[in-house]
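Novice: My questions will all concern the structure given below.
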Amino acid sequence: MKNVEQLSLFDNRESSAPLASRLRPDTLDDYVGQKHLVGEGKILRQLIEKDQISSMIFWGPPGVGKTTLARIIAKQTQAEFVEFSAVTSGIKEVKEVMNQAETNRKMGIRTLLFADEIHRFNKAQQDAFLPYVEKGSIVLVGATTENPSFEINSALLSRCKVFILKALDEEDIMELLHQALRSPKGLGNMTISIEESHLEAIARFANGDARTALNTLEMAVFNGRMNEDAVLCVDEEILSECLNRRSLLYDKNGEEHYNLISALHKSMRNSDPDAAVYWMYRMLDGGEDPLYIARRIVRFASEDVGMADSNALQVAVAAYQACHFLGVPECDVHLAHAVVYLAMAPKSNAVYRACGAVRDDVRNFPAEPVPLQIRNAPTSLMKELDYGKGYQYAHDTEEKVTKMKCLPDSLADRRYYLPTDQGAEKQVKERLEALLEWKKE
């Protein structure tokens, strides 16, 4: 009888919408994440609440609530919501929807057209949106995981506000998982036993993607075992079947995402290739995105190696590209190659410290005018105003350098880049010191 009851329960669920769809919030108050945009007093929330929305682009990774946010905007602003697909819609379909939107506009009805994965729309499709966006027939909300600067026509992009949506943090994901277990729209009508640590494992495995987290929870519950008290139990064995086994190991030892990347970073900084490769593999075995590891390696190449070995940046970027081309598991050797190279490279954080020093001055001092001698002077008026006066062309000199000052007068004696004696940077230091002495003469 227990088996029959369990099968009946899941048969009904399978015919319903996925958990992520059932839990889709209807209001901003129920929306999880993106506090920088829709938190109290934040810009997008104010635009929505004041009904001042215009066409916009949501740029962010998968599963962070782009579609949900578009639906909430449509509902709160009482606009007709139309979802559009680049895969199934051609120019004809675009124009049909646009004509209907224009009719609606004349009747006082706004149309919010949601274009998911707008980067997949070709130029002709994007161009078809443009006149209707310009005259206000539609409010276009495009969602993209790609940089809109490269993937969306400049004419269309210039008429849209771009909002960057961030990957959800683990706290946000945990909130969603708990909601799913409590809500009658989710799993709230079932008696489920699942450890908090298992929810944390799911949250970490999801890597900021709410849809992945909810789908994984639903799968784990679907495969749960009903005990004699009619409680559906999700244990570690069941969860291991739903997650990559190594993702469980990633969480099993209590290692958090940022602890592992910190261990990798600090091992490379300490010139310990064995530890660096070990931590790198721990992250891969835990299901970490290799492109995330590669991005951190690229950052390390300039932050911790810098001018001591400028080839380090080339090696790191090449490793990122190799990971992009091959993916897991083949790209592990390319990551290991870059990690070992960076661990063994001479270290200098002089470029990193220079950025910090400049950033402080830019923030703490007034915006200094560009000295006249290095201003651009393309017109006769600018030349009459002494733009470019006193400019010294370095290539005209035997030394290929002049004593002309390039910093504003108030910062004339500032030194931001202070090279070290490490690796190739020692030669840079010697040359820079010689140049500074020569300029003083």
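Novice: Take the Cα pairs of the range 15-160, get the Kirkwood Rh, then feed it into Stokes-Einstein at 10 °C and 1.306 mPa s and tell me D in µm²/s.
Specialist: Details: Rh = 15.8 Å.
In µm²/s, the coefficient is 101.
Novice: Trypsin sites (Lys or Arg not before Pro) within the range 20-107: which are DSSP loop residues with at most 11 other Cβ atoms inside 10 Å?
Specialist: Details: sites: Arg22, Lys35, Lys42, Arg45, Lys50, Lys66, Arg71, Lys75, Lys92, Lys95, Arg105, Lys106; in loops: Lys42, Lys50.
Those that pass, being in a loop and sparsely packed, are Lys50.
Novice: Could you run the Debye sum over the Cα atoms of the range 96-141, one equal point scatterer each and no solvent, and tell me log10 of I(q)/I(0) at q = 0.26, 0.34 Å⁻¹, two decimals?
Specialist: -0.95, -1.32
Novice: Multiplying the sequence separation of Ala412 and Leu130 by 0.36 nm and subtracting their Cα-Cα distance, what value in nm do you get? Display every interim value, and only then the final one.
Specialist: Numbers: separation 282, 0.36 × 282 = 101.52 nm, distance 4.87 nm.
Taking 0.36 nm per residue and subtracting the Cα distance, the gain is 96.6 nm.
Novice: Also, quick follow-up: For the pair Ile91 and Lys50, what calculated FRET efficiency results from E = 1/(1 + (r/R0)^6), where r is the Cβ-Cβ distance and R0 = 35 Å, to the nearest 0.05?
Specialist: Working: r = 35 Å, r/R0 = 0.99.
After rounding, the FRET efficiency stands at 0.50.
Novice: Hull surface divided by four, with the convex hull built on the Cα atoms of the range 148-294: how many nm²? Please report the intermediate quantities before stating the final value.
Specialist: Numbers: hull surface 48.2 nm².
If you wrap the Cα atoms of the range 148-294 in a convex hull and average its projections, you get 12.0 nm².
Novice: Counting only protein heavy atoms and a 1.4 Å probe, tell me what percentage of the chain's accessible area is made up of carbon and sulfur. Intermediate results must be reported in sequence, preceding the final value.
Specialist: Values: 12380 of 24540 Å².
Whole-percent figure for carbon plus sulfur exposure: 50.
Novice: I would also like to ask the following. Roughly how many nanometres apart are two label points built 7 Å out from the Cα toward the Cβ at Lys123 and Glu196?
Specialist: Placing both labels 7 Å beyond Cα along the Cβ direction yields 5.6 nm.
Novice: Pick from Ala101, Ala301, Ala276: which residue has the top mean-square fluctuation in a GNM of the chain where Cα pairs under 10 Å get a spring?
Specialist: Residue with maximal mean-square fluctuation among Ala101, Ala301, Ala276: Ala101.
Novice: Continuing with the same structure: Quick one: what are the phi-derived ³J(HN,Hα) couplings along the range 382-396, Karplus 6.51/-1.76/1.60 with θ = phi - 60°, whole Hz, x for glycine and proline?
Specialist: 4, 5, 5, 8, 6, 5, x, 5, x, 5, 10, 7, 4, 5, 7
Novice: OK, next. Using the structure shown, select from Lys35/Lys161; Lys92/Lys161; Lys35/Lys106; Lys166/Lys266 the pairs with a Cα to Cα distance greater than 24 angstrom. Each step should come with its number before you reach the end.
Specialist: Details: Lys35/Lys161 18 Å; Lys92/Lys161 26 Å; Lys35/Lys106 36 Å; Lys166/Lys266 26 Å.
Those over the limit are Lys92/Lys161; Lys35/Lys106; Lys166/Lys266.
Novice: Next question, about the same structure. Thinking of the range 374-415 as a set of Cα atoms, what percent of all their pairs are more than 12 Å apart? Numbers along the way, then the final one.
Specialist: Values: 573 of 861 pairs.
Considering the range 374-415, 67 percent of its Cα-Cα pairs are separated by more than 12 Å.
Novice: Which Cα, out of Gln314, Met280, Pro366, lies furthest along the positive dipole direction of the range 249-383 (beta carbon charges, K/R +1, D/E -1)?
Specialist: Pro366
Novice: What share of all Cα pairs of the range 120-184, in percent, falls into each consecutive 5 Å distance bin?
Specialist: Calculated P(r), rounded to whole percents: 3, 14, 21, 17, 10, 8, 9, 11, 7, 1.
Novice: Give me the Kirkwood hydrodynamic radius of the range 133-226, using the inverse of the mean 1/r over all pairs of distinct Cα atoms, in Å to one decimal.
Specialist: 16.0
Novice: Could you derive backbone 3J(HN,Hα) for the range 422-435 from the dihedral phi with the Karplus parameters 6.51, -1.76 and 1.60 (θ = phi - 60°), listing whole Hz in sequence and x where the residue is Gly or Pro?
Specialist: Residue by residue, the range 422-435 yields 7, x, 5, 5, 4, 5, 4, 4, 4, 5, 5, 5, 5, 5 Hz.
Novice: Using a simple spin-label model with points 7 Å from Cα along the Cα→Cβ vector, what separation in nm is obtained for Leu372 and Ala394?
Specialist: The modelled label-to-label distance comes out at 2.4 nm.
Novice: Tally Lys/Arg at +1 and Asp/Glu at -1 over every other residue whose Cβ is under 13 Å from the Cβ of Glu425; what's the total?
Specialist: Details: positive: Lys347, Arg353, Lys426, Lys429, Arg431; negative: Asp304, Asp309, Asp421, Glu430, Glu433.
Result for the local shell: 0.
Novice: Using θ = phi - 60° and the Karplus curve 6.51 cos²θ - 1.76 cosθ + 1.60, what whole-Hz ³J(HN,Hα) does each residue of the range 98-114 get, with Gly and Pro shown as x?
Specialist: In residue order, the calculated couplings are 5, 5, 5, 5, 5, 4, 4, 4, 5, 9, x, 10, 7, 10, 9, 9, 9 Hz.
Novice: Of Arg159, Arg363, Arg182, which is the most mobile in a GNM of the chain whose springs link Cα atoms less than 10 angstrom apart?
Specialist: Looking only at Arg159, Arg363, Arg182, the largest GNM fluctuation is found for Arg363.
Novice: What number, rounded to the nearest 500 deg cm²/dmol, is the helix-based mean residue ellipticity at 222 nm of the chain, given -39500 (n - 2.57) per DSSP H run of at least four residues and division by all its residues? Please list the in-between numbers first.
Specialist: Working: 22 runs with 229 residues, N = 441.
Result for the chain, helices only: -15500 deg cm²/dmol.
Novice: Taking every pair of alpha-carbon atoms in the chain, what share in percent sits in each 10 Å bin, from 0 to the bin with the longest distance?
Specialist: Over the chain, the share of Cα pairs per 10 Å bin runs 4, 15, 18, 21, 21, 13, 5, 2, 1, 0 percent.
Novice: Can you give the convex hull volume of the alpha carbon atoms of the range 283-441 per residue, in Å³?
Specialist: Per-residue hull volume (Cα only) is 175 Å³.
Novice: Can I ask one more? How many times 2.2 N^0.38 Å is the alpha carbon radius of gyration of the range 260-328?
Specialist: Details: Rg = 11.5 Å, N = 69, 2.2 N^0.38 = 11.0 Å.
Compactness ratio reported: 1.05.
Novice: Just to be sure I understand: with springs between alpha-carbon atoms less than 10 Å apart, which residue in Gly188, Gly142, Gly390 has the highest mean-square fluctuation in the Gaussian network model of the chain?
Specialist: The residue with the greatest mean-square fluctuation here is Gly390.
Novice: Under 5 Å between amide H atoms, partner at least 5 residues away or on a different chain: which partners does Ala143 have, H built in plane at 1.01 Å?
Specialist: Phe58, Ala115, Asp116, Glu117, Ile118
Novice: I need the calculated FRET efficiency for the pair Met404 and Asn364, taking r as the beta carbon distance and R₀ as 22 Å, to the nearest 0.05.
Specialist: Working: r = 26 Å, r/R0 = 1.18.
Calculated transfer efficiency: 0.25.
Novice: Which far-off residues, 5 or more places away or on another chain, put their amide H under 5 Å from the one on Leu165, with H placed in the peptide plane?
Specialist: Trp59, Gly60
Novice: Over all distinct alpha-carbon pairs, what is the Kirkwood Rh of the range 333-402 in angstrom? Display every interim value, and only then the final one.
Specialist: Values: mean 1/r = 0.0598 Å⁻¹.
Result for the range 333-402, one decimal place: 16.7 Å.
Novice: Give, in nm to one decimal, the length gained when the segment between Lys35 and Tyr258 is fully stretched (0.36 nm per residue of separation minus the Cα-Cα distance).
Specialist: On the way: separation 223, 0.36 × 223 = 80.28 nm, distance 2.12 nm.
Extra length from Lys35 to Tyr258 when fully extended: 78.2 nm.
Novice: In addition: In nm, to one decimal, how far is the modelled label at Ile164 from the one at Asp274, with both set 7 Å along Cα→Cβ?
Specialist: For Ile164 paired with Asp274, the spin-label model returns 4.0 nm.
Novice: Give me the 1.4 Å probe accessible area per residue for the chain, excluding ligands and nucleic acids, in Å². Can you show the working numbers first?
Specialist: Details: 24540 Å² over 441 residues.
Ligands and nucleic acids excluded, the result is 56 Å² per residue.
Novice: If you keep only loop residues by DSSP, which GluC sites (Glu not before Pro) in the range 386-429 have at most 15 other Cβ atoms within 10 Å of their Cβ?
Specialist: Details: sites: Glu398, Glu399, Glu425; in loops: Glu398, Glu399.
Listed in order of number, the matching sites are Glu398, Glu399.
The values are calculated or read from the model by the stated rules, or taken from the named source; none is laboratory data. All figures in this text were calculated on a predicted structure; none of them were measured in a lab. For neighbour counting, all protein chains shown are included, and Cβ atoms are generated from backbone atoms with ideal geometry for every residue, glycine included. To get the accessible areas, we keep the full protein, side chains included, count just its heavy atoms, and leave off ligands, DNA and RNA. Shrake-Rupley method; radii C 1.70, N 1.55, O 1.52, S 1.80 Å.
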